[in-house]
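Working notes for the structure below.
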Amino acid sequence: MSEKRSRRITVKDIAKIVGVSATAVSMALNNRGSLTPARREEIKRVAAELGYVPNAGARSLRGSHTRAFGVVINYFNNPFFRDFFTGMEEVTNRIDFSYWVSQTRDDLEKEQEQVRKLAQLGVDGIIILPCSKETSHLTELTSRYNIPLVLISHAMDELFPAVVADNAVGARMATEHLLSIPHRPVLHIAGPIAAKSGIEHRYQGYCDAMKKADKNFNPQHSIFFVEKLRAEDGYAMMPEILKNYKLPVSLFVVNDETALGVLNYCYHHNLRVPEDISVVGFSDIDLLESLNVSLSSISIPRQKMGACAANKLLSQMEFYSKEESADSEMGIITTLPVSLIVRDSSKIK
């Protein structure tokens with residue numbers, strides 16, 4: 001485990017360097033009081049150099065902790081997070097921690113804005129589902145502001161602690177299952193592999209399984225990329241697939257929501273599932289069994305992921321005792337096992 005983070009910079013630290021009172025520093029940073037412009041700018045310059053972040057409720061003046069952390073996800077309505085938050089709360093409720101949640105809508109600028117706002121609120125740490133491989137705002141959070149973070153679903157090598165599903169293994173499971181259905185090509189609707197490591201690993205798992213089955217496999221002929229991972233993207237990709245391939249076909253889809261768009265297209269165009277198109281998604285979100293055609297999927301232990309992420313974040317905080325949690329997760333990256341759930345969408349009778 002990495003070393004504990006250093007104490008957060010306070011207005012008292014700035015005051016000591018500049019040679020003024022903590023009250024003067026507070027007034028300068030809030031553009032109040034009768035300080036000279038030169039002294040006000042000096043205080044702001046020192047604050048910026050030290051990496052000072054304003055802390056809501058003047059907690060930074062007292063040097064205390066908020067006993068709260070931020071959680072940054074892609075969409076509030078993402079059904080993946082219902083079980084995730086249940087697991088997270090199993091940890092936070094034991095130690096009287098609270099959390100704030102914000103959404104990015106898979107937009108990098110929005111993600112950077114939400115991270116900055118949470119830092120200004122004085123959170124003791126952040127759990128984040130990153131929307132890209134951009135790291136500058138995350139590095140600033142940890143190295144400059146001394147706020148620990150944990151990534152979920154997508155790791156960035158070992159730059160930051162992370163909790164991820166075994167995406168490559170899950171993709172191989174899904175692809176091998178579809179390959180067991182005879183007389184049809186197995187295609188992949190992939191996400192933005194250059195932007196998210198988890199999506200890249202699913203792409204690679206598919207390719208590995210296909211190469212094992214066919215030494216002449218060419219990914220350019222059987223992979224279709226969507227920019228987003230929403231139902232409308234899966235729906236919109238289907239005409240392109242059907243233009244290039246005759247029925248029947250099998251589809252391994254990058255995530256369940258995109259796969260639901262595929263099922264919706266089939267429903268509106270009188271295509272039979274699984275007779276014409278067999279489908280497997282990824283994540284096993286809620287309600288898949290209640291669909292007209294239940295969706296096969298790779299199941300991620302979402303509740304376990306939430307508990308692991310909370311423990312991994314808390315274990316980086318100097319005021320948190322790891323002994324308080326018997327299942328505190330060690331190591332930079334925790335990879336959780338996945339399983340294949342076969343339902344109607346890929347069950348050929």
| note | residue 194: passes all of (1) among the small types (Gly, Ala, Ser); (2) more than 22 Å from residue 234 (Cα to Cα); (3) in contact (Cβ under 8 Å) with a residue 60 or more places away in the chain but (2)
| Which is surrounded by 15 or more Cβ atoms within 10 Å (Cβ to Cβ), under 15 Å from residue 344 (Cβ atoms) and without any contact (Cβ under 8 Å) to a residue 60 or more places away in the chain, of 242, 271, 251, 263? | 271
| If you take the residues of the range 71-89 that are more than 13 Å from the chain's Cα centre (by Cα) and among the polar types (S, T, N, Q), which of them is most open to solvent (accessible area, probe 1.4 Å)? | 77
| request: Only residues that are buried (at least 21 other Cβ atoms within 10 Å of the Cβ) and among the acidic types (Asp, Glu): list them for the range 202-218, please. | output: none
| note | For residue 199, the lone unmet condition from (1) surrounded by fewer than 20 Cβ atoms within 10 Å (Cβ to Cβ); (2) free of Cβ contacts under 8 Å to residues at least 60 places away in the same chain; (3) within 17 Å of residue 333 (Cβ to Cβ) is (1)
| Candidate set: the range 22-40, residues that are modelled with pLDDT of 80 or more and among the charged types (D, E, K, R); chosen: the one least open to solvent (accessible area, probe 1.4 Å) | 40
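The values are calculated or read from the model by the stated rules, or taken from the named source; none is laboratory data. Just so you know, these numbers come straight off a predicted model, no measurement behind them. Cβ: placed from backbone, ideal geometry, glycine included. Neighbour counts: every protein chain shown. Only protein heavy atoms, including side chains, enter the accessible area calculation; ligands, DNA and RNA are left aside. Shrake-Rupley method; radii C 1.70, N 1.55, O 1.52, S 1.80 Å.
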